[in-house]
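The values are calculated or read from the model by the stated rules, or taken from the named source; none is laboratory data. Just so it is clear, the structure is predicted and the values come from calculations on it, not from any experiment. Counting neighbours? That spans all protein chains shown, and the Cβs are built from the backbone with ideal geometry, glycine included. Accessible surface areas use protein heavy atoms only, side chains included; no ligands, DNA or RNA. Shrake-Rupley method; radii C 1.70, N 1.55, O 1.52, S 1.80 Å.
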Amino acid sequence: MAVLPLRVRMFRAVWRLRSVLILAFGPLVLLPLALSTKEAACAYVILLMALYWCTEVLPLAVTALLPTILFPVLGIMQSKDVCMQYLRDSNMLFMGGLMVAVAVEHWNLHKRIALKVLLVVGVRPALLMLGFMGVTAFLSMWISNTATAAMMVPIVHAVLEQLHRHDDAEEGRLKTRDDASEKQSAFVVQLPEADVPARTGECGERTGDDGVPKTTCEDVTMSTLKPPPQDKPPSPPKANSSSVVCALEVEEADGLDEERKRLSKGLLLSVCYAASIGGIATLTGTGPNLVLLGQMSQLFPQSGGVINSASWFAFAFPTMMMMLTMAWILLQQVFIGPSLRGAWPCGAGQAAKERAARDAIAEEHRRLGHMTYGETSVLALFLLMVALWFTREPRFVDGWASRTFNADAEFVTDATVSLMVALLLFVLPSQPPKYLRCWRHDSDPDAQVSRGPSPPLLTWKVAQAKIPWNIVLLLGGGFALAKGSEESGLSRWLGSQMTPLHSIPPWAITVVLCLLTATFTECASNVATATLLLPILASMSQSISVNPLYVMIPCTLSASFAFMLPVATPPNAIVFSSGYLKVADMAKTGVVMNIIGIACISMAINTWGRVLFSLDSFPEWANATTPI
């Protein structure tokens, strides 16, 4: 066994201890900042957390707790003020929305919606991809991206299995027919001379049912079967038809296998891309959106709720649809065909494959049975929450809370709505009451009476197990950093350093910052990326007299565009674990997806975004921050 050089062994030893070295020496290297001014001490905390978040030497949620220790120790903020940042209004909105999403997932309502939409859309390759992307994006708007991808990937595998099984059966049927034809031809040639009919003719070629030319000896003479004279040199052997057929079959099998791989890659990538794209459409769809909401209420408390569920949806939903369409066209061109004809193929073989895939989806839908009372109740509460969100403060007209609750101050927010609906999930029963016993026979009524009271739609045990509590702490850590930057004066210092950017057009600044954000989020958590960048961008906007939303909204959306690496986001990791994809496959299409995303954001923020958020003027609420 070869002995490795000393330099290589030392490098491997250091690499194994990298976590310990970063944990131990990271604070020491940055320590001079902590011993300087209060602004530098706050920068010390931010840089240390950025180091830990990027290297993940500690869990992300644990790193988010560092401000509770370092801010009081360094004299930046009092402990009680720091701890208050971890359960702000945005965190409660996140928790309420997650509880409703957990109930939807617990009752398999998301799977029913997905399968029903796929049955309606159809199973032709391009339309099937479009169906998967549409369903995944819609579900990702309301439940977590990870849960959406984890639910959709098995459905993709089931459909692909049916398509591949049909291809294997068809290939086996054709091969059996070809073998039978070859055996019949060989039997005729090997007959003894007495059994061969004496008729004039010679060996020729005909075209079989599969279009492959085959040698036939149906018309042979006695002289044809006799050996040639010995004084003549033997004629060169002719190419055996069976070897030609075998070569063609191998080539067809290789082409079929490559086609399968491309279709599998395309469908799986469509799921992970749609999961990331769909989350940008709603405030609770992904973490960076909630970070923006919290930072706006903290850094600009006089903004008057300019970012809410209705205004965000009006801006982000068209952006999401535009980007989803572009992503579908890209994946369809790369993995299905160079034209849109993949959506409308024809032929008996293709129709049989479509029936096989449709049968697989229909079978999955059939196993769910009829909608139960619990599913209907959860769906009704979900629709109620969405309706109350969109009509609370629609901005172009007075909402239901404008004059009733929020005439003097913003007493009722989106968090109030989500928590009210979440509370109803723990109150309403999961079985119909006595006066609704005719409800589709969910179970035996006598058995229900013997079991006693019906459990609620959602129990705390289920909610506790499925809610990602680490995200709550991660959001709180970001709000604590923003508050510390404001209290220490770091935000004002950063803003003064960025004054020279005033000479650069705002749209160019936005494009460059989106590129940097999309690159950074490939290596770090999207929530951590938004947490670190948004306070800095807010200070920069104030220093150059640009509406903060003109920069903060595009970078918030770009923080969700982690398309290139398997480790960039959980949906990417789930899809990559299927075994069909390589890192190069994700990287090649991911680069194009990042460019498409930034182009769509730039178009949106410079068109309907300008009108919706009045981005052409520098708002009064951004002139100076007000202490909270």
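Below is a table of values for the structure above.
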read-out: Cβ charges +1 (Lys, Arg) and -1 (Asp, Glu), total dipole of segment 481-624, debye; value: 220
read-out: Label-point separation in nm, V62 to A465, each point 7 Å along Cα→Cβ; value: 2.5
read-out: Full-extension gain in nm, W608 to I329, via 0.36 nm per residue minus C-alpha separation; value: 98.1 nm
read-out: Extended-chain gain in nm, criterion 0.36 nm per residue less alpha-carbon gap, R262 and D89; value: 57.7 nm
read-out: Cα-derived Rg over Rh, computed across segment 453-586 with Rh taken as Kirkwood radius; value: 1.11
read-out: Protection proxy ranking, peptides 92-101, 326-335, average beta carbon neighbours within 10 Å, highest first; value: 92-101, 326-335
read-out: R0 of 41 Å, Cβ-Cβ distance V73-S496: FRET efficiency to nearest 0.05; value: 0.90
read-out: For segment 470-622, accessible area per residue (1.4 Å probe, heavy atoms of protein chains only), Å²; value: 37
read-out: Fully extended contour minus Cα-Cα distance, from L515 to S577, at 0.36 nm per residue; value: 19.6 nm
read-out: Nitroxide proxy distance, nm - points 7 Å out along Cα→Cβ at E363 and R16; value: 4.9
read-out: Label point at D616 placed 7 Å out along Cα→Cβ; residues across segment 494-525 whose backbone nitrogen lies under 20 Å; value: 505-510
read-out: Where only alpha carbons of segment 89-132 are counted, the Rg and the Dmax (Å); value: 14.9, 45
read-out: For A158, net neighbour charge (Lys/Arg +1, Asp/Glu -1) across residues whose Cβ lies under 9 Å away; value: -3
read-out: Relative packing of peptides 53-66, 559-572, 269-282, 147-160 - highest average C-beta neighbours within 10 Å first; value: 269-282, 559-572, 147-160, 53-66
read-out: When each of K111/K461; K111/K483; K111/K261; K461/K582; K116/K588 is checked by Cα-Cα distance, pairs over 29 Å; value: K111/K483; K461/K582; K116/K588
read-out: Cα gyration tensor, segment 1-152 - rounded (a/c under 1.5), prolate or oblate; value: oblate
